[in-house]
Amino acid sequence: MKSCNISASLAHWAKEMPDQSAIIEMRSKSQITFKQLEEESNLIASGLLHYGMKKGDRVLVMVPYGMKFVTLTFALFKAGAVPVLIDPGLGKKNVLHCIKQSEPRGIIAIPLVHAIKIVHAIKTLMPTPFKSIQLSVTVGKKWFWRGPTLDQVKRSGQTDYQMGETPEDQAAAVLFTSGSTGPAKGVLYTHGMFDQQTRILREHFGILPGEKDLPTFPLFGLFSTGMGMTSVIPDMDSTRPAKVNPENIIHPIRNYGITSSFGSPALWDTVSRHCQKNGIQLPSLRRILIAGAPVSGTLLKRFEPILQPDCKVLTPYGATEALPVTSIERQEIVNETWPQSEKGEGTCVGKPVPGVEIKIIRISEEPILKWREDLEIPKGQTGEIIVKAPWVTKTYFNQEDVTRLAKIPDGETFWHRMGDVGKWDEQNRLWFCGRKSHRVITNSETLFTIPCEALFNQHPDVRRSALVGKGRNREPVIIIESENKDRVSKDRETFIKELLEIAAASPHTRSIKKILFYPEFPVDVRHNAKIFREKLAAWAESQ
């Protein structure tokens, strides 16, 4: 039986390049080699087992993204435990909901989290989301609660710990979605899925061991370490990428000769604007992956004077449940597809990566209990996107009803419903047209967010726009976040007139007669790029 535990890669890199830096943490100015990371994670894995952790235990990891986070996660993989990873930026109520849903047996957290856990229990005097926890580990100084510190765990561990074989279907992690369209959902990953994902990322994007990576999102920090790259973790709040200090991204890129980086459109929008304004170039970069929300041609054009001509800027499409699905390179967007996007055709997300099957089916809100060929619609028509691949997750944790709604059984396999709408073009490229739940259905037509908003986003005084439906008859409304606040306060009527002229000029937006302004759009915590249209729709009802 093949062991496909993603942490097995650490032993390989520790042997192949023991003195190569595995992680460099900018905030603490500390680093660790692959050999040290292998030994450190062995200590923690065996120490956790010594303290009573069992194979298959779900373990809540509440440690800031950085060297300790990566080390702990690999240690849990080695111990056969299942790390539960939740974005802290989801907010207290949502985080507690995620904890309750995942029913962890263990928790590894900084002292503040342990204190909050106890205070919550005292305040509510009721069973808390933490009631399933039997083993607590404190990363840092322990106060008055039970359980060992991480240092005590390491003292009882062994650097030469050998993990057993890991079957493909063994649970590896529970990763929560960003909650951008409804409550965050726990996605169950197996080690086989992680293994497949790592392989396709390495092969499709040409990633080589020994490269220097700047991952601004925790999951990609794990992947880059597993692929033998040196992860240089920037000094930033990973839950607020749009608010990053650009110099905290630019400095490590230039000082460490970073060759690859992953980040959200919001992060790269902030960084590229700063580079453009200050004439900064980033010549070491050979690859940038931008994902998490549609990437505009305007942002991609901004890279032209910043990067070397041979640097690939790729915009893979996917989701927590299925990544990657498609990919397209910057030049193809700028030179071919973006002019069509500006006419309201949607955002082109490219062709399927090898191993992925994609179909476009009739839009439905109901569970589909069995795959049928007649579900598929003709090329060029907009419908619901469904995908199939070895690394697509099979289930949501403890949510059978949500799983049933999102999966379509197909013999021994299944299709995953992305929750997105899109269409094929004549070159077999996929075009993304928005979230299924965000479409606006009026008495006479269906409007999709991305095609409609693209038309308004071209106005020089529009930073971004959002299509929502208002009232019982779902009147289509465009909400504007302005690039120029003075126009909203001093020249609103003329501004509205210009925007309504844009609406009248296209069949996609001809029915839109209402324009509203909102100072700063609410966005998801993970990428700061997905617009919370549900919140804007609720606000629009009161206007």
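Which members of the range 248-268 meet the condition of being of a type in the set (F, W, Y) and under 14 Å from L314 (Cα atoms)? Result: F262, W268.
Within the range 139-151, restricting attention to residues that are closer than 17 Å to E40 by Cβ and in contact (Cβ under 8 Å) with a residue 24 or more places away in the chain, which residue is most open to solvent (accessible area, probe 1.4 Å)?
At the first step, the residues of the range 139-151 found to be closer than 17 Å to E40 by Cβ are 139-140, 148-151.
Checking which are in contact (Cβ under 8 Å) with a residue 24 or more places away in the chain leaves us with 139-140, 148, 150.
Values: V139: 13, G140: 45, P148: 9, L150: 13 Å².
Among those that are closer than 17 Å to E40 by Cβ and in contact (Cβ under 8 Å) with a residue 24 or more places away in the chain, it is G140.
For the criterion of being surrounded by 21 or more Cβ atoms within 10 Å (Cβ to Cβ) and either more than 26 Å from G89 (Cα to Cα) or at pLDDT below 95 (or both), I23 fails. Contact map, the range 436-448: residues that are within 7 Å of S511 (Cβ to Cβ) paired with residues that are open to solvent by 30 Å² or more (accessible area, probe 1.4 Å), Cβ distance under 9 Å, separation 6+ or inter-chain. Pairs shown: T442/N473; T442/R474; T442/E475; T442/S511; E445/S511. Annotation note: Cβ proximity below 7 Å between a residue of the range 401-421 that is in a strand (DSSP E or B) and a residue that is of a type in the set (D, E) (sequence gap 6+ or interchain) occurs for H416/E321; R417/E384; V421/E384.
Could you check the range 371-388 and list, in sequence order, the residues that are in contact (Cβ under 8 Å) with a residue 40 or more places away in the chain and open to solvent by less than 20 Å² (accessible area, probe 1.4 Å)? Selection gives G383, E384, I385, V387.
Selection of the range 217-239 for residues being of a type in the set (A, V, I, L, M, F, W, C), at pLDDT below 95 and not in a loop (DSSP other than H, G, I, E, B) yields L219, F220, L222, F223.
Suppose we filter A173, A242 for residues that are under 23 Å from R287 (Cα atoms), open to solvent by less than 40 Å² (accessible area, probe 1.4 Å) and outside any loop (DSSP other than H, G, I, E, B); which single one remains? If you could, list the steps in order and put the result at the bottom.
Numbers: A173 fails: under 23 Å from R287 (Cα atoms).
None of the other options fit; the residue is A242.
The sole residue among E541, E520, E483 that is touching a Pro at 6+ places or on another chain (Cβ under 9 Å), in contact (Cβ under 8 Å) with a residue 12 or more places away in the chain, surrounded by fewer than 17 Cβ atoms within 10 Å (Cβ to Cβ) and among the acidic types (D, E) is E483.
Set side by side, the residues I253, I258 differ, and just one is over 27 Å from L455 (Cβ atoms), open to solvent by less than 30 Å² (accessible area, probe 1.4 Å) and not in a loop (DSSP other than H, G, I, E, B), which is I253.
Applying the criterion of at least 2 residues that are open to solvent by 30 Å² or more (accessible area, probe 1.4 Å) to the strands (runs of 3 or more DSSP E) found wholly in the range 54-111 leaves 58-62. Screening the range 444-471 for residues that are among the basic types (K, R) and farther than 14 Å from P294 by Cβ and picking the one that is least open to solvent (accessible area, probe 1.4 Å) gives K470.
Among G66, G106, G47, which is under 15 Å from P148 (Cα atoms) and in contact with a strand residue (DSSP E or B) (Cβ under 6 Å, 6 or more places away or on another chain)? I'd like the intermediate steps shown before the answer.
On the way: G66 fails: under 15 Å from P148 (Cα atoms); G47 fails: in contact with a strand residue (DSSP E or B) (Cβ under 6 Å, 6 or more places away or on another chain).
Result of the check over G66, G106, G47: G106.
Test T393 against the criterion of being within 24 Å of F176 (Cα to Cα), of a type in the set (S, T, Y) and not in a helix (DSSP H, G or I), and give yes or no. Yes.
Working carefully through the options L10, L60, find the one that is under 18 Å from G157 (Cβ atoms) and in contact (Cβ under 8 Å) with a residue 12 or more places away in the chain.
Values: L60 fails: under 18 Å from G157 (Cβ atoms).
Criteria check complete, one pass: L10.
Considering I502, I496, I515, the condition of being at pLDDT 95 or above, more than 30 Å from the chain's Cα centre (by Cα), under 30 Å from S264 (Cα atoms) and open to solvent by 30 Å² or more (accessible area, probe 1.4 Å) is satisfied by I502 alone. Return yes when E366 is acidic (D, E), part of a loop (DSSP other than H, G, I, E, B) and closer than 29 Å to L455 by Cβ and no when it is not. No, not satisfied. Cβ separations smaller than 8 Å between residues 6+ apart or across chains give no pair from the range 18-35 residues that are at positive phi to residues that are aromatic (F, W, Y).
The values are calculated or read from the model by the stated rules, or taken from the named source; none is laboratory data. None of the values given here were measured: they were computed from a predicted structure. Glycine gets a Cβ as well: all are built from the backbone with ideal geometry, and neighbour counts include every protein chain shown. Ligands, DNA and RNA are stripped out before the accessible areas are found, and what is left, the full protein with its side chains, is counted by its heavy atoms. Shrake-Rupley method; radii C 1.70, N 1.55, O 1.52, S 1.80 Å.
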